[in-house]
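Mind looking over this structure? Questions follow.
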Amino acid sequence: MRYSPEALTAFVETVAAGSFSAAARRLRKSQSTISTSIANLEADLGFELFDRSARQPVLTAQGEQVLGYVQAILAASTRLDELAVSLTAQTEARLTFVLSDTLNPDVLEEMMKQFDARFPHTEFECLIGEEEDVIDLLQKERAQIGLTEARDSYPTDIGVTRLPVQTRMAIYVATTHPLAEQDDVQHDELHGWRELRLSTYLEREAEIARGPVWSAPNYLLLLSMAVQGFGWCVLPCALVNEFAAAKSLVRLNVPGWPRAIGIDLLWNKRSPPGVAGSWLRQYLQDAR
């Protein structure tokens, strides 16, 4: 018996997201489409995968048994797609890379030099994006490769690998800001001053602010706002070292900061990267 790949994906995504509506948002489909796909899968299997009597769908005993098999089927399908791309050896005419400002500029510079030497005829487009915006661009197939701050979970159609490099983040203010005069700053003190916060284009659940907030969709713009003295901001240390003028920003001594964060490399499983994209993935996975 054949099962619809869309139904299998809808099932796994519903389990991961916790509800039909959340799965629909992740997969950019209507809730009715997700519900119908799962209902059709249940009809094909001959039993229910979810107990729908509660507020949120809960896996039945049969659903728990089926989950591992479905995940294995989808994983095998992804590997087959990637193998097919590799065997056809198709080099992209154009490759779009969504870059996070958390990537060390030195890594980016060397990567572009080597990419130019290996793929001189491939058009390379570099976009700047963070978090949900990166995932959105990949799902819409507007980009083939993306980087973002590491997170615990992703939609089932997004492939991910954790890079060996990390980035250090710290809290900065302009040298003219009143907080710059303090040797030590407690975290609660920050909320009395304006925070410059990352905010993606794609709507997401708003984080409750404990003080005044300005926001921007990327760290480089936040850095510019911080240099002008508009507030305090969490920024990648390497970005500050590369683009902030000497002595324009001060790193605050706040408990728990600076801190290291991981970086995830992402791609769309439905349209895996070709030769150039695969090289880029491998290069970043090997970067130290």
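The values are calculated or read from the model by the stated rules, or taken from the named source; none is laboratory data. Everything quoted here is computed from the prediction, not taken from an experiment. Positions of Cβ are generated from backbone atoms using ideal geometry, with glycine treated the same way; all protein chains shown enter the neighbour counts. Areas reflect the complete protein model, heavy atoms only, side chains present, ligands, DNA and RNA absent. Shrake-Rupley method; radii C 1.70, N 1.55, O 1.52, S 1.80 Å.
Quick one: 3J(HN,Hα) in Hz for the stretch 30-38, Karplus 6.51/-1.76/1.60 with θ = phi - 60°, rounded, Gly and Pro as x.
Per residue, the Karplus-derived 3J(HN,Hα) values read 6, 4, 5, 5, 5, 4, 5, 4, 5 Hz.
What fraction, in whole percent, of alpha-carbon pairs in the chain exceed 30 Å separation? Each step should come with its number before you reach the end.
Working: 18072 of 41328 pairs.
Looking at the chain, the distances longer than 30 Å represent 44 percent of pairs.
OK, next. Roughly how much of T91 is accessible, in Å² to the nearest 10, using a 1.4 Å probe?
80 Å²
With all distinct Cα pairs included, what does the Kirkwood hydrodynamic radius of the stretch 147-201 come out to in Å, to one decimal, could you say? All intermediate terms of the calculation are to be shown ahead of the outcome.
Numbers: mean 1/r = 0.0664 Å⁻¹.
Result for the stretch 147-201, one decimal place: 15.1 Å.
Something else: Over the chain, give the accessible area per residue in Å² for a 1.4 Å probe, as an integer.
Details: 15310 Å² over 288 residues.
I get 53 Å² per residue for this part.
Show D51, D157 ordered by accessible area, largest first, where the area counts protein heavy atoms only and the probe is 1.4 Å.
Values: D51 70, D157 10 Å².
Heavy-atom accessible area, descending, gives D51, D157.
Further question: Could you give the Stokes-Einstein D for the stretch 109-149 in µm² per second, using the C-alpha Kirkwood radius, 4 °C, 1.567 mPa s? Working shown, then result.
Numbers: Rh = 11.4 Å.
Translational diffusion coefficient: 113 µm²/s.
Return the Rg/Rh ratio of the stretch 128-280 with Cα-based radii and a Kirkwood Rh.
Values: Rg = 17.2 Å, Rh = 16.9 Å.
With Rg and the Kirkwood Rh in hand, the quotient comes to 1.02.
Can you put S248, S199 in order of accessible area, largest first, using a 1.4 Å probe? Spell out each step's value before the answer.
Numbers: S248 20, S199 45 Å².
From most accessible down to least: S199, S248.
Follow-up question, since we're still on this one. How high is the FRET efficiency from S271 to R162, r the C-beta distance, R0 30 Å, rounded to 0.05?
Details: r = 22 Å, r/R0 = 0.73.
After rounding, the FRET efficiency stands at 0.85.
Can I ask one more? Report in % the part of the accessible area of the stretch 101-164 that belongs to carbon and sulfur, leaving out ligands and nucleic acids; probe 1.4 Å. Before the final figure, lay out the partial values.
Working: 1330 of 3010 Å².
About 44 percent, which is the carbon plus sulfur part of the accessible surface.
Whole-Hz Karplus ³J(HN,Hα) for the stretch 104-111, in order, using 6.51 cos²θ - 1.76 cosθ + 1.60 and θ = phi - 60°, x for Gly and Pro?
Per residue, the Karplus-derived 3J(HN,Hα) values read 4, x, 5, 5, 5, 4, 5, 4 Hz.
Antiparallel versus total DSSP beta bridges in the chain: what percent is that, nearest 5?
Details: 23 of 37 bridges.
Taking every DSSP beta bridge within the chain, about 60 percent pair in antiparallel fashion.
Shifting gears a bit: Please quote Rg/Rh for the stretch 108-192 to two decimal places, taking the Kirkwood radius as Rh and restricting both calculations to Cα atoms.
Details: Rg = 18.8 Å, Rh = 16.9 Å.
Using Cα coordinates only, the ratio equals 1.11.
Mind computing the radius of gyration and Dmax over the alpha-carbon atoms of the stretch 52-139? Å is fine for both.
Answer for the stretch 52-139, Rg first and Dmax second: 19.8, 59 Å.
Still on this structure, I have one more. Sequence-distant or interchain residues sharing an amide H contact under 5 Å with D51, placed H: which?
HN-HN under 5 Å from D51: V58, L59, T60.
May I ask you to rank F243, F47 by accessible area, largest first, using a 1.4 Å probe over the protein chains only? Each step should come with its number before you reach the end.
Working: F243 115, F47 65 Å².
Correct descending sequence by accessible area is F243, F47.
Let me ask something additional. Rounded to the nearest 10 Å², what accessible area does Y3 have for a 1.4 Å probe in the complete protein model?
Accessible area, nearest 10 Å²: 80 Å².
Taking amide H atoms as placed 1.01 Å from N in the peptide plane, list the residues 5 or more away in sequence, or in a different chain, whose amide H sits under 5 Å from that of V213.
Sorted by chain and number, the residues that satisfy this are E195.
Follow-up. For labels at A39 and Q285 in the simple 7 Å Cα→Cβ model, what's the distance in nm?
It is 4.1 nm.
So what is log10(I(q)/I(0)) for the stretch 1-109 at q = 0.11 1/Å, when the Debye sum runs over its Cα atoms only?
-0.50
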